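The structure appears right after this line, and notes come after that.
The values are calculated or read from the model by the stated rules, or taken from the named source; none is laboratory data. This one's a predicted model, so the numbers in the text were calculated from it and none came from an experiment. Neighbour counts are summed over all protein chains in view; Cβ atoms, including those assigned to glycine, are modelled from backbone coordinates with ideal geometry. Protein only, heavy atoms only, side chains kept; ligands, DNA and RNA dropped before computing areas. Shrake-Rupley method; radii C 1.70, N 1.55, O 1.52, S 1.80 Å.
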2 protein chains.
Amino acid sequence: MNKIPILRMGDTLLVTIQVDMEDQTALALQDDLAAKISTTGAHGVLIDISALEIVDSFVGRMLAGISGIARILDATTVVVGMQPAVAITLVELGLSLEGVRTALDVERGMALLAKARRERVLGR
Amino acid sequence: MNKIPILRMGDTLLVTIQVDMEDQTALALQDDLAAKISTTGAHGVLIDISALEIVDSFVGRMLAGISGIARILDATTVVVGMQPAVAITLVELGLSLEGVRTALDVERGMALLAKARRERVLGR
């Protein structure tokens, strides 16, 4: 089983998904991310999927799951780098990635997280 | 063959190596990085190897190669996240990763790149 590393950059956690994930790897990633958000107090999670050429319903659910877990732990998740063909397939499959925020690339994802952070500060 | 994605963050390129690399993948990464440094004008390359449990002489040479290519293209390379056991094995094998800068984690690597950038600006 491959373990996907989680990089910490300030209060953002960065994950690059490179391999087509087995179920075990995906579940381990969920657990690891939840633990890391909790220990680091991170407010943002950035998941790069630019290397994925296929996103099936399992991976889609996993992304939505991570997003939901992070939200409860007070962190915003942004999925970046989705290939156009993947987006087309997702819609054709009827998978809308509900509740998952997306951005074109890492820089725009970072900008989205910075905006979410400002809103969080202003809201309090 | 797996293609390792290169993420751009400002003027730094970030690469997370997660799988034990085949020769083809390593060579493709060198080519991709050289092309990306050239097109983006990036001044820093950060390579995270925290997921690697084994760094053999081939990967060691690859890291040194990337570092050398980047230097010629006016970019600084920092390898981060090396596991202690990997460092021990490298030294035992007599591989000193000459010319390769290292840092404990991504944040310290980023700090090292920021310092290199300041020195570059002052030097001119």
Quiz prompt | Fraction in percent of alpha-carbon pairs per bin - 10 Å, the protein assembly as shown | solution = 7, 30, 35, 22, 6, 0
Self-check item: Spatial separation of Cα centroids for segment A:34-57 and segment B:1-60, in angstrom
Solution: 20
Quiz prompt | Area of residue B:3 that stays accessible when all protein chains are in place (1.4 Å probe, Å², to 10) | solution = 130
Quiz prompt | DSSP H segments from chain A that extend 20 Å or more along their own axis, Cα-based, with Kyte-Doolittle mean of 1.0 or above | solution = A:57-72
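Calculate how many DSSP beta bridges within segment B:1-60 are antiparallel, expressed in % of all such bridges and rounded to the nearest 5. Spell out each step's value before the answer.
Details: 4 of 9 bridges.
Percent antiparallel among DSSP bridges in segment B:1-60 is about 45.
Report the Rg/Rh value for chain A, based on alpha-carbon coordinates and the Kirkwood definition of Rh. Please list the in-between numbers first.
Working: Rg = 13.8 Å, Rh = 14.6 Å.
Ratio value, two decimals: 0.95.
For the pair A and B, how large is the buried accessible area, both sides, in square angstrom to the nearest 100, if the probe is 1.4 Å?
Working: alone 7090 and 7090 Å², together 12650 Å².
It comes to approximately 1500 Å² buried between A and B.
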Practice problem: Report, ordered by chain and residue number, the lysines lying within cross-link reach of residue B:3, taken as a straight Cα distance under 29 Å and ignoring same-chain residues fewer than 8 apart. | Solution: A:3, A:36, B:36
Quiz item: For the protein assembly as shown, which whole-number percentage of the solvent-accessible area (1.4 Å probe, protein heavy atoms only) is attributable to carbon and sulfur atoms?
Solution: 55
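So, with +1 on the Cβ of K and R and -1 on the Cβ of D and E, and no other charges, what is the size of the charge dipole of the protein assembly as shown about its Cα centre, to the nearest 20 debye? All intermediate terms of the calculation are to be shown ahead of the outcome.
On the way: 24 positive and 30 negative charges, 286 e Å.
Its charge dipole is roughly 1380 debye.
Compute the accessible area per residue over the protein assembly as shown, keeping the other protein chains in place, probe 1.4 Å, unit Å². Display every interim value, and only then the final one.
Numbers: 12650 Å² over 248 residues.
So the protein assembly as shown comes to 51 Å² accessible per residue, rounded to a whole number.
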